[in-house]
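Let me begin by presenting the structure, written as structure tokens, before commenting on it.
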Amino acid sequence: MHIAGDPAARLRDIALTLSITERSAFRIVDDLEKAGYLEKQRNGRRTRYSIQAELPLIDPVASSPSIGEILALLVPVEALQMRNEGD
């Protein structure tokens, strides 16, 4: 959710917000990227993340809502659209 609110967030900032180590934040972001939920774009020394909001959450029993549907409950949709389109 932190990345949804700030796609240019540094791992250090993510870790501080979640009260975890920077290494743990790296592993979580890396796992999300490997699973296809995040894409990284490098801009010099900074990294910008894009959430693949159309992907479903993995639930073997039921049809799952997409990442975007879950984030829409937590983050204003306009903020997500503006961040993914332009920054």
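Each value in this text was obtained by applying a stated rule to the coordinates, not by laboratory testing. Keep in mind it's a predicted model, so treat the numbers as computed, not measured. Neighbour counts are summed over all protein chains in view; Cβ atoms, including those assigned to glycine, are modelled from backbone coordinates with ideal geometry.
Taking every pair of alpha-carbon atoms in the range 8-59, what share in percent sits in each 5 Å bin, from 0 to the bin with the longest distance?
5, 20, 25, 26, 17, 6, 1, 0
Using amide H atoms built in the peptide plane, which far-off residues or other-chain residues are under 5 Å from Gln52 H to H?
So Gln52 has HN proximity to Leu38, Glu39.
I need the trypsin sites (Lys or Arg not before Pro) found in the range 1-55, filtered to DSSP loop residues with at most 16 other beta carbons within 10 Å of theirs. Before the final figure, lay out each step's value.
Working: sites: Arg10, Arg12, Arg23, Arg27, Lys34, Lys40, Arg42, Arg45, Arg46, Arg48; in loops: Arg10, Arg45.
For trypsin sites (Lys or Arg not before Pro) across the range 1-55 that sit outside H, G, I, E and B with at most 16 neighbouring Cβ atoms in 10 Å, the list reads Arg10, Arg45.
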